[in-house]
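S.K.: Take this structure, written in structure tokens, and hold onto it; I'll ask about it next.
The values are calculated or read from the model by the stated rules, or taken from the named source; none is laboratory data. Note that this is a predicted model, so its numbers are computed, not measured. Here the Cβ is made from the backbone with ideal geometry for all residues, glycine too, and neighbour counts use every protein chain on show. Just the protein is used for accessible areas: all its heavy atoms, side chains included, with ligands, DNA and RNA removed. Shrake-Rupley method; radii C 1.70, N 1.55, O 1.52, S 1.80 Å.
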Amino acid sequence: MSACEFESLEDCLETHLPQAELTEVKRILFGKETKKLELPACAVEAASEHDFELKGYRFEAAQEQLRPPRRIRVGLIQHRIVLPTDAPILDQINAMHSRVGEMVEVAAMCGVNIVCFQETWTMPFAFCTREKEPWTQFAESAGEGNTTRFCQELAKKYNMVVVSPILEREELHDTLWNTAVVISNSGNVLGKSRKNHIPRIGDFNESTYYMEGDTGHTVFQTQFGKIAVNICYGRHHPLNWFMYSMNGAEIIFNPSATVGALSEPMWPIEARNAAIANHCFTCAINRVGTEKFKNEFTSGDGKKAHHDFGHFYGSSYVAAPDGSRTPGLSRTRDGLLVVEMDLDLNRQISDKWSFKGPSWSRLTHSPSGTAAEWLRGRLRPSSPHAAEQPVTGTEAAHQQLRWPIQPSEMSPTRPLAGQREGRCLRRASAPPLIRTALSGFLTDPPLPDMPVVFATDRL
Ligand SMILES: NC(=O)NCCC(=O)O
């Protein structure tokens, strides 16, 4: 059996292990069992009619006395490209719109509140080729492109937040970015999050096309919770997840495009570990299938010229802060994973294990007297941004570092088209210690003034 025919690890275990052993293996491999979510018959029928996998699970939290449950549903969509890579570009985009449109309709039947698509979902993952043409023609404006308009319609029609990762063309300077556009359930563009770690590994020749994103660690306040998007390669960097979580993210999406030979053993671990370490939910989404390109390409790694990347193995899943995770979607088929989660679980697990609190308080109450010293010692000794910022006691530190960012501290941003409200705290105006921390974590050498955005829509 070839790697692209192997359906899924979970199916294999279910088929071959006796029940008693299976229960133990699942407990150890996947954590506390995620219950199956009852999905409406019409959704099951529609998924079968449109030939995609539909799975539903739910994570539970304890009932609290002072806070109501915050149960919401997320939908993760993975799919293969619809038309061959040499079909006319507009046909390819339109075919992908219509495929994903039918999957979102099923997500709506399942009561999904926030849906996220895979990385650069409207196009083949052509960055292996290093050819600029015709692939750069897939790039669109984040605020006003056809794909954003299409997603705005879906968002309004189904009252659903849509996370739409695309190849972005910033029209003013014709700069390309790998960007997730976040659209509120009202249909407004809430903002965007640009991929901040760009791979040049194997055939992932993405640095030929775009630079590291400049949107900081953006967190979006939606009606259904605070969300962030850590695009693909960003998942290998623990501090990246940490910063999204420090900015208040309750759910971090990880839209990806990755292949078996390169990353499959890491896939089930990384997003799950991030959920554990940061007391939040994480959602890992990968495309499926093998995409063939007309011209052969090489990647300077001694391999013979070839026409494809290898197999994109799907296996999208959701992980919870208590270390449990859903089974993955198929390695070979298009699929929709619907997951109900109670966001109260984040705080419950944080109170129990307290991984994050100590990291933050170490940052603010450094025994050596300054956070900068702490950062120097632990992170990037040479960061020029690690200027001394004395912390003169707990109270002063708290005053200086109120966190998360309060609405009163935000300043209005230039709104994107269709965006009703947006606010951000510019790094330059952030308390110095936060600036220091962010510089230390983000870049070395540091990027120029980078917005740390906390975008919000009407609640
Ligand atoms: N799309 C992307 O960043 N892929 C890089 C390979 C990986 O992260 O597994």
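S.K.: For segment 60-103, state the semi-axes of the equivalent ellipsoid (square roots of 5 times the eigenvalues of the alpha-carbon gyration tensor), sorted largest first and rounded to whole angstrom. The partial results should precede the final answer.
M.R.: On the way: eigenvalues 350, 16, 8 Å².
The answer is 42, 9, 6 Å, longest axis first.
S.K.: I would also like to ask the following. Compute the Rg/Rh shape ratio of segment 1-87: radius of gyration over Kirkwood radius, all on alpha-carbon atoms. Don't skip to the end; give the middle numbers.
M.R.: Working: Rg = 17.9 Å, Rh = 16.9 Å.
Ratio value, two decimals: 1.06.
S.K.: Give me the dipole magnitude in Debye, nearest 20, for segment 91-215 about the Cα centre, with unit charges on the beta carbon: positive for Lys and Arg, negative for Asp and Glu.
M.R.: Dipole of segment 91-215, to the nearest 20 debye: 300 debye.
S.K.: Also, I was wondering about something else. Find the centroid of the Cα atoms in segment 264-289 and in segment 152-204, then give the distance between the two in whole Å.
M.R.: Taking the Cα centre of segment 152-204 as reference, the centre of segment 264-289 is 20 Å away.
S.K.: Whose amide H sits under 5 Å from the amide H of THR258, counting only residues 5 or more places off or on another chain, with H placed in the peptide plane?
M.R.: Amide H neighbours of THR258: ARG287, TYR313.
S.K.: In Å², and per residue, what accessible area does segment 4-78 have when probed at 1.4 Å with the other protein chains present? Write out the running numbers ahead of the final one.
M.R.: Values: 4950 Å² over 75 residues.
I get 66 Å² per residue for segment 4-78.
S.K.: Between MET1 and HIS307, what FRET efficiency follows from the Cβ-Cβ distance if R0 is 25 Å, with the result rounded to 0.05?
M.R.: Efficiency for this residue pair is about 0.65.
S.K.: For segment 156-172, just list the computed ³J(HN,Hα) in residue order, Karplus coefficients 6.51, -1.76 and 1.60, θ = phi - 60°, integers in Hz, with x standing in for Gly and Pro.
M.R.: Rounded to whole hertz, the list is 5, 4, 10, 6, 10, 6, 10, 9, 10, x, 10, 7, 9, 10, 7, 5, 4.
S.K.: Provide the per-residue ³J(HN,Hα) series for segment 94-109, in order, calculated from phi with Karplus coefficients 6.51, -1.76, 1.60 and θ = phi - 60°, each as a whole number of Hz, with x at glycine and proline positions.
M.R.: Values, residue by residue: 4, 5, 5, 4, 6, 4, 5, x, 6, 6, 5, 4, 5, 4, 5, 4 Hz.
S.K.: Now for a different question. DSSP loop trypsin sites (Lys or Arg not before Pro) in segment 229-314 with at most 12 other Cβ atoms within 10 Å of their Cβ, which ones? The partial results should precede the final answer.
M.R.: On the way: sites: ARG235, ARG272, ARG287, LYS292, LYS294, LYS303, LYS304; in loops: ARG287, LYS303, LYS304.
The qualifying sites are LYS303, LYS304.
S.K.: Which Cα, out of GLY225, TYR244, ASN196, lies furthest along the positive dipole direction of segment 191-248 (beta carbon charges, K/R +1, D/E -1)?
M.R.: GLY225
S.K.: Could you work out what % of the accessible surface of segment 1-123 is carbon and sulfur, using a 1.4 angstrom probe and leaving DNA, RNA and ligands out of the count?
M.R.: Working: 3630 of 6600 Å².
Solvent-exposed carbon and sulfur of segment 1-123 make up 55 percent of the total.
S.K.: Right, another one. Using a 1.4 Å probe over the heavy atoms of the protein chains, calculate the carbon and sulfur portion of the accessible area of segment 145-265 as a whole percent. Write out the running numbers ahead of the final one.
M.R.: Values: 1810 of 3500 Å².
For segment 145-265, the apolar C and S fraction of the accessible surface comes to 52 percent.
S.K.: Would you calculate the separation in nanometres between label points at ARG67 and HIS16, each defined as 7 Å from the Cα along the Cα-to-beta-carbon direction?
M.R.: Each label point is offset 7 Å from its Cα along the Cβ direction, giving 4.2 nm.
S.K.: Express in % the proportion of alpha carbon pairs of segment 214-363 at distances exceeding 27 Å.
M.R.: 29 percent
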